[in-house]
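The values are calculated or read from the model by the stated rules, or taken from the named source; none is laboratory data. This is a predicted model, so every value here is computed, not measured. When we count neighbours, we look across all protein chains shown, and the Cβ atoms used for this are built from the backbone with ideal geometry, even at glycine. Only protein heavy atoms, including side chains, enter the accessible area calculation; ligands, DNA and RNA are left aside. Shrake-Rupley method; radii C 1.70, N 1.55, O 1.52, S 1.80 Å.
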Amino acid sequence: MIPFNHLGWAFSRFGAAVYPETAVAQLCICLHALPPDADILDLGAGTGTLANYALGCRNDLRPVAADPAEGMLRYVPETVGRVIARAEALPFDADRFDGILVGEALHHFTVPEEALDEIARVLRPGGLLFVYDFDPSTLLGNLLRRAEKLLGEPGHFYPPETLASLLRERGFSTTVNRYGWRYSLAALLEA
Ligand SMILES: C[S@@+](CC[C@H](N)C(=O)[O-])C[C@H]1O[C@@H](n2cnc3c(N)ncnc32)[C@H](O)[C@@H]1O
């Protein structure tokens, strides 16, 4: 297993570098559609990389970072709320968030389909889900998947089409953007 609890120092310094500028630009386009003072959840937040990027897009957003690794959450900035939680059992009421961001974390979740159910529960109708991850049907994505498996990680990497299909089953409409071996998926929960 990757010892995330001890890697907060590394992710706080280098975590942002994993996101290409085009993906961050896409995130900003999606976030601009949310209402003023929107509540957003950075799920599998680590040190809050995506929450930080979101605040760079719009400083009126109200982000909360959720992650099971306290050693990662310790590095989340003061302007972001923190909750120790697993994606498969979120300690939030239904319809709590206007937007949910999952950055290079879905493939680490123990049971991603349970996490998708929880996401659909805590996101309000019409809300936005933004996922950024690696495509295992590409050469680099597949190498990363194999490396993570060797490290004992779950390695649940979904090609974007598969993730889109799982989300459609849960009432989302989806749009995929590709950045070589990486991709983002923006999904709206139908009202
Ligand atoms: C590669 S890090 C990504 C962190 C951050 N989103 C980023 O982009 O820098 C993956 C994160 O997923 C978290 N994680 C692992 N299993 C999880 C689960 N079941 N529920 C929520 N988060 C989980 C880890 O603790 C870790 O912080």
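So here's what we get for this one:
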read-out	value
Cut-off under 5 Å, modelled amide H: who pairs with residue 126 long-range	189, 190, 191
Heavy-atom accessible area per residue - the range 23-85, 1.4 Å, Å²	41 Å²
Spin-label proximity, residue 62 to the range 81-113 - amide N less than 16 Å from point 7 Å beyond Cα toward beta carbon	81-83, 92-100
Relative contact order of the range 4-189, defined on C-alpha pairs under 8 angstrom at six or more residues apart (%)	19 percent
Rg(Cα) / (2.2 N^0.38 Å) computed for the chain, rounded to two decimals	0.93
Ordering of 179-187, 1-9 by burial proxy (mean other Cβ atoms within 10 Å per residue, highest first)	179-187, 1-9
Mean Cβ neighbour count within 10 Å, used as a protection proxy, ranking 33-39, 156-162, 146-152 highest first	156-162, 33-39, 146-152
Peptides ranked, highest mean first, by Cβ atoms within 10 Å: ranges 60-68, 128-136	128-136, 60-68
Estimated FRET transfer efficiency when R0 is 45 angstrom, pair residue 18-residue 169 (beta carbons, to 0.05)	0.95
1.4 Å probe accessible area per residue over the range 86-191, in Å²	43 Å²
q = 0.12, 0.16, 0.17 Å⁻¹: log10 I(q)/I(0) that the Debye formula gives for the range 44-155, counting C-alpha atoms only	-0.44, -0.77, -0.87
Cysteines without a disulfide-compatible partner [the chain; Cβ-Cβ under 4.7 Å]	30
Whole-Hz ³J(HN,Hα) from phi, Karplus 6.51 cos²θ - 1.76 cosθ + 1.60, for the range 32-43, glycine and proline x	5, 7, 7, x, x, 6, 5, 8, 10, 10, 9, 9
Protein accessible area in the range 88-163, 1.4 Å probe - carbon and sulfur %	57 percent
Under Karplus coefficients 6.51, -1.76 and 1.60, residue-wise ³J(HN,Hα) of the range 77-84 in Hz, glycine/proline x	x, 4, 6, 10, x, 9, 9, 7
Karplus (6.51, -1.76, 1.60) ³J(HN,Hα), θ = phi - 60°, over the range 150-167, in Hz, Gly and Pro reported as x	4, 7, x, 7, x, x, 7, 7, 9, x, x, 5, 5, 5, 4, 5, 4, 6
